[in-house]
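Here's the structure we're looking at; comments come further down.
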Amino acid sequence: MLFSSISFIYYFLPCVLIAYFIMPSKFRNFVLFISSMFFYFYGEPIYILVMLATIFVAYISALLINKFKETNWKKIFFIFSIIFAIGNLGIFKYSDFIITNVNTVFNTRFDLLKLTMPIGISFYTFQLLSYIIDVYRGKVEVQKSFLNLATYVSLFPQLIAGPIVRYETIEKELEDREHSSEKFAYGVTRFIIGLSKKVLIANALGELCNIFLQTNEKSIIFYWIYGISYSLQIYFDFSAYSDMAIGLGRIFGFHFLENFNYPYISKSITEFWRRWHISLGTWFKDYVYIPLGGSREGKLKLFRNIFVVWFLTGLWHGANWNFIIWGLFFGVLLVIEKLFLGKFLEKMPSIIQRVYVLFLVMISFIIFNSTNMTQAFSQISGLFGLNGEALVNKETIYYLKSYLLILVMAIIGATPLLKTSIEKLKENVRIRKFINVLEPVMIVMLLLLVTAYLVAGSYNPFLYFRF
């Protein structure tokens, strides 16, 4: 069930809200858990058992780790729980990738398992891993209520595409959380803004990208339009989901951390990854990079650690070589910045720094969205006219005119320009009062406009469902 669907907005969510708020506080986690089970069952009726089994093993393992924390059994239970969680993810997500590569390298003919990947398995596996590791480290208290732990993992606002919510972030809120009209209003506003970003901008950019991929009338300018459009699409698609998840979380009393912070204004690739998919970046930093030694043990180990993290980051996104190469591409860039480029960039004008980041990020997302590296190299070559196409053609001009307004809106929306302008205007008392009155009207209008698009059955995928 998509957040950006009539069934979710007008049927599922209202029913959950009514059931949640009429229940006494002690039963609200139960309402969220049952609602989340229904939400997941709606899309994955069979694989709900996989998720429940993974949660149960993590729950029992954490209890045993805590019980035997003064003995060697602690480590045994810890290792078992980690192997179970990662093994579960590996079987469903990577088994066919491994078999295919073994068959290619050794000329064997092992049959593919052809398992359907459970929706959200990458996200809930990482959440459980962080919980188990933090219990093992003594960073958080073990959760003795299976219901509370299951609610944390299966919570439908962030189940399918994140952000990756750490247990420590909402540990206290699982037991006791506050609700208010202000938090509810903020949550609704944030959800509708995310919904609008998804339906009105990301979907339109997705249509343009599909047109490019399907047409035989490409041009050099069209390659650039595609690269820019896809970079914007994936940002608006994923940040929109994060906005909706954060908004829904706030409605139910949870404070999820921000997941995006205007990454396209970055002046280096290092800064870009502090602003993009923050929950994933900090997860790998805290649970892989730092345990490997981080930057504390010399440059060689630092570079090794960077490549390990970015190999895993690429692999986390998908079981295909283009994702691994995409991850290693960023690993190489980060190493180069740490060696010499970072200091050189600091001396350059801001516009040069930003163009550098935007160009390399665009190249990376062309690789990311390719079915194979042959297609990726072809599309990158097309940017420079190496495929023999004309600079521009009639089809390119037609689609550029058709989508120009969306592209301009997306470019502006990917910067803090609008936000800072509104904040500046609010410094004037009279204007602030006017904006405060206008804001709820605009939110309602956005919801009505989005509803009209959804009823019309517009293009409406979620890119991160495949992760």
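The values are calculated or read from the model by the stated rules, or taken from the named source; none is laboratory data. Computed from a prediction, not measured in an experiment: that's the story for all the values here. Cβ atoms come from the backbone with ideal geometry, glycine included; neighbour counts cover every protein chain shown. The area values use the complete protein model at the heavy-atom level, side chains included, leaving out ligands, DNA and RNA. Shrake-Rupley method; radii C 1.70, N 1.55, O 1.52, S 1.80 Å.
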Of the residues that sit in region 100-119 and are among the aliphatic types (A, V, I, L, M) and buried (at least 16 other Cβ atoms within 10 Å of the Cβ), which one is farthest from Y40 (Cα to Cα)?
M117
All helices (runs of 4 or more DSSP H) inside region 156-247 with 3 or more residues being open to solvent by 10 Å² or more (accessible area, probe 1.4 Å) and touching a residue at least 60 places away in the same chain (Cβ under 8 Å)
181-196, 203-214
Anything in region 54-65 that is more than 17 Å from Q158 (Cβ to Cβ) and either among the β-branched types (V, I, T) or modelled with pLDDT under 95 (or both)? List them, or say none.
V57, I60, I65
Regarding L13, is this residue open to solvent by less than 30 Å² (accessible area, probe 1.4 Å), within 25 Å of D176 (Cβ to Cβ) and among the hydrophobic types (A, V, I, L, M, F, W, C)?
yes
Based on what the data block shows, is T104 at pLDDT below 95, of a type outside the set (G, A, S) and part of a helix (DSSP H, G or I)?
yes
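Out of Y136, Y152, report the one residue that is in a helix (DSSP H, G or I) and without any contact (Cβ under 8 Å) to a residue 40 or more places away in the chain. If you could, list the steps in order and put the result at the bottom.
Numbers: Y136 fails: without any contact (Cβ under 8 Å) to a residue 40 or more places away in the chain.
Among Y136, Y152, only Y152 is in a helix (DSSP H, G or I) and without any contact (Cβ under 8 Å) to a residue 40 or more places away in the chain.
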Residues that are aliphatic (A, V, I, L, M) and in contact with a helix residue (DSSP H, G or I) (Cβ under 7 Å, 6 or more places away or on another chain), at least 2 per element: which helices (runs of 4 or more DSSP H) completely within region 339-400 meet that?
350-368, 373-383
Exactly one of L358, L438, L449, L407 is free of Cβ contacts under 8 Å to residues at least 24 places away in the same chain and open to solvent by less than 90 Å² (accessible area, probe 1.4 Å), and that one is L438
Could you say whether any residue in region 100-110 is more than 30 Å from F39 (Cα to Cα), without any contact (Cβ under 8 Å) to a residue 12 or more places away in the chain and in contact with a Ser or Thr (Cβ under 8 Å, 6 or more places away or on another chain)?
yes
Residue list for region 41-58, restricted to those being touching a residue at least 60 places away in the same chain (Cβ under 8 Å), in a helix (DSSP H, G or I) and open to solvent by 10 Å² or more (accessible area, probe 1.4 Å):
G43, V50, L52, F56
Restricting attention to region 131-155, which residues are closer than 16 Å to M51 by Cα and either modelled with pLDDT under 90 or crowded, with 21+ Cβ neighbours inside 10 Å (or both)?
Y131, I132, L149, A150, T151, Y152, V153, S154, L155
From the list L400, L418, L391, L383, exactly one residue is touching a Gly at 6+ places or on another chain (Cβ under 9 Å) and surrounded by fewer than 17 Cβ atoms within 10 Å (Cβ to Cβ). Which is it?
L391
Reported set for region 1-10 where residues are surrounded by 16 or more Cβ atoms within 10 Å (Cβ to Cβ) and in a helix (DSSP H, G or I) is F8, I9
Single unsatisfied condition, T313 versus (1) part of a helix (DSSP H, G or I); (2) in contact with a helix residue (DSSP H, G or I) (Cβ under 8 Å, 6 or more places away or on another chain); (3) open to solvent by 10 Å² or more (accessible area, probe 1.4 Å):
(3)
For region 271-305, the count of residues that are assigned to a helix (DSSP H, G or I) and either open to solvent by 80 Å² or more (accessible area, probe 1.4 Å) or over 24 Å from Q127 (Cβ atoms) (or both) equals 10
Could you go through region 201-217 and let me know if any residue there is touching a Leu at 6+ places or on another chain (Cβ under 9 Å) and of a type in the set (F, W, Y).
no
Can F123 be described as of a type in the set (F, W, Y) and touching a residue at least 24 places away in the same chain (Cβ under 8 Å)?
yes
